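The values are calculated or read from the model by the stated rules, or taken from the named source; none is laboratory data. Since this is a predicted model, take the numbers as computed values, not measurements. Neighbour counts are summed over all protein chains in view; Cβ atoms, including those assigned to glycine, are modelled from backbone coordinates with ideal geometry.
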Amino acid sequence: MKPVVQLERTGCGIASVATIAGVSYPKAKSIANALGIFAQDESLRSETSHVRKLLGHFDIQTGPREVPFRSWTALPNLALLSIKWHLENGRPHWHWAVFVRNSGRSYVLDSKQSLRTHCRTDFGRMKPKWYIPIVTLAD
């Protein structure tokens, strides 16, 4: 799985879905826009319905609810993480990232443009609040 870099300041949800679906950011953005999902919409960083809808378009099934983060070892092999969770004007906001465990290796694919590397293993610096398990990927 390869990271997709977000091309807009608030496009982390679209980029994370693009990473999981294996498509480019422009393709995921075009599909998201057709579904009424826009990176400029602040709710993309404070609600899960938008990313779930976009994942569904790619026939990617998720767990039914958000699961509180307990430990890195307790995560499933593929999950959509909420990191940098905080309140803005009383409303929760977060940054979307993708957790991957594959061939005995664990890492987070982070779409933030300014990162030197988008494949992160600095688990102590990331503070996940909860995650959405990715149940199945489309073939």
**OP:** For the stretch 22-37, state whether one or more residues are at negative phi and touching a strand residue (DSSP E or B) at 6+ places or on another chain (Cβ under 8 Å).
**Re:** no
**OP:** Scan the stretch 50-79 for residues that are of a type in the set (Gly, Ala, Ser) and exposed (fewer than 14 other Cβ atoms within 10 Å of the Cβ) and report the count.
**Re:** 3
Subject >> Residue identified as more than 18 Å from Arg120 (Cβ to Cβ) and assigned to a loop (DSSP other than H, G, I, E, B) among Ala39, Ala28 >> reply: Ala39
**OP:** Confirm whether His50 is at pLDDT below 95, under 15 Å from the mean Cα position of the chain (by Cα) and in a strand (DSSP E or B).
**Re:** no
Original post:
Hey, among Ser82, Ser106, which residue is in a strand (DSSP E or B), touching a residue at least 12 places away in the same chain (Cβ under 8 Å) and surrounded by fewer than 19 Cβ atoms within 10 Å (Cβ to Cβ)?
Top reply: Ser106
Original post:
Out of all the residues in the stretch 125-133, is one or more within 22 Å of Asp41 (Cβ to Cβ) and among the charged types (D, E, K, R)?
Top reply: yes
Original post:
Only one residue in Val23, Val4 is buried (at least 23 other Cβ atoms within 10 Å of the Cβ) and assigned to a loop (DSSP other than H, G, I, E, B). Which one?
Top reply: Val4
Original post:
Is there a residue being exposed (fewer than 14 other Cβ atoms within 10 Å of the Cβ), in contact (Cβ under 8 Å) with a residue 24 or more places away in the chain, among the polar types (S, T, N, Q) and more than 18 Å from Ala18 (Cα to Cα) anywhere in the stretch 33-48?
Top reply: no
